[in-house]
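Chemist: Structure below; questions to follow.
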Amino acid sequence: VYKRQEYGARKVGKDGERLSLKDNLSVPDESRREYQTVGGPGRQNDEENRIDQARSEYSAPLLEDHNRDDAQHDTGRFETMALLQIIKKKNKRFCSHCLKFKPERCHHCRQCNRCVLKMDHHCPWVINCIGFRNYKYFMMMLFYGSLSLLFVTLTYVECLYDVLFNPALSIFVVYLVAMAYTVNLTLTVIVTGFCGFHFWLVLRNKSTIEYCEKKDARYHVGKFRNFLMVFGENPLLWFFPFNPNLKGNG
């Protein structure tokens, strides 16, 4: 079992330089630990020995292909490649931008410059990423936005009819009213369709990224339970923009 601590890519050395990938992933004695083994000193030492042994096994073949002078300058790069191979062999997900391990359903956002748990997409309208902690708020924005557009579209029909069949009005007024209705109708179709698509994703416990990658529904636990995982367990608060369900790990 591993417990994460806030060290790694943002920590700098004594001279102010940024620590390398090797420094972030190694297990030092006192200064910091990217991951700390829970279970006692014996298990911790065993884990350190396994990592050191694996690093030596993967670094040796890389160093043999170069002469000694080049190898001295490229040792850091070789050890970085070796550590990445260790990560790949152990089936652990690693972010090459944050230089940290990341759990499943976590993706790096280049706009926000951070990893987001259960990332759906980066929304330019809210200037933020949509993920595990704010997905319900995003759904409420789409839901009430769709209702508002539908209300305007339906109540605007009578006004449009009166304007189109009123010969006393000028062509300019008719054009403005018809154009306003066309724009509103277009937004209604787009936002309502987008809202319906995201409700479809909620019922299947998928994100937009997982849908585009055509991944199987490995997190599907039933439509009702999938719905509760986003909107919470209290039916009275389902369609209010607060009390999201933040239980679990995404």
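Chemist: Per 0.36 nm of contour for each residue apart, how much would the distance between C212 and I190 grow if the chain were fully extended, relative to their Cα-Cα spacing?
Modeler: Full extension from C212 to I190 adds 6.0 nm.
Chemist: If you add up the charges near V177, with Lys and Arg at +1 and Asp and Glu at -1, over every other residue whose beta carbon is less than 14 angstrom from its beta carbon, what do you get?
Modeler: Within the 14 Å Cβ shell, the charges total -2.
Chemist: So what's the stretch 131-236 giving for Rg/Rh, alpha carbon basis, Kirkwood Rh from the mean inverse pair distance?
Modeler: 1.19
Chemist: Let me ask you something else. Please report the net charge: other residues with Cβ closer than 12 Å to the Cβ of W200, K and R +1, D and E -1.
Modeler: +3
Chemist: Modelled label-to-label distance, S96 and V173, 7 Å Cα→beta-carbon offset: nm?
Modeler: Placing both labels 7 Å along Cα→Cβ, they lie 6.4 nm apart.
Chemist: Now, a different point. Given +1 on the Cβ of Lys and Arg, -1 on the Cβ of Asp and Glu, and no further charges, what dipole in debye does the stretch 126-239 carry about its Cα centre, rounded to the nearest 20?
Modeler: 640
Chemist: Would you please give the FRET efficiency between N249 and A180, computed as 1/(1 + (r/R0)^6) with r the Cβ-Cβ distance and R0 = 41 Å, to the nearest 0.05?
Modeler: 0.30
Chemist: If I stretch the segment between L117 and F197 completely, what's the gain in nm (0.36 nm per residue apart, minus their alpha carbon distance), one decimal?
Modeler: Here the segment from L117 to F197 would lengthen by 26.8 nm.
Chemist: Obtain the nm distance between the two label points defined at F240 and E158 by a simple spin-label model: each point lies 7 Å from its Cα along the Cα-to-C-beta direction.
Modeler: If labels sit at F240 and E158, their model points lie 3.3 nm apart.
Chemist: State the percentage of accessible surface on the stretch 125-202 attributable to carbon and sulfur atoms; use a 1.4 Å probe and exclude ligands, DNA and RNA.
Modeler: So the carbon and sulfur contribution to the accessible surface is 78 percent.
Chemist: Pairs on different chains or at least eight residues apart, Cα atoms closer than 14 Å: how many lysine pairs in the stretch 134-250 fit?
Modeler: Counting lysine pairs in the stretch 134-250 gives 5.
The values are calculated or read from the model by the stated rules, or taken from the named source; none is laboratory data. Being a predicted model, the structure only gives us computed values, none of them experimental. Cβ coordinates were reconstructed from backbone atoms using ideal geometry, including for glycine residues, and neighbour counts include every protein chain displayed. Note: areas computed on protein heavy atoms with side chains; ligands, DNA, RNA excluded. Shrake-Rupley method; radii C 1.70, N 1.55, O 1.52, S 1.80 Å.
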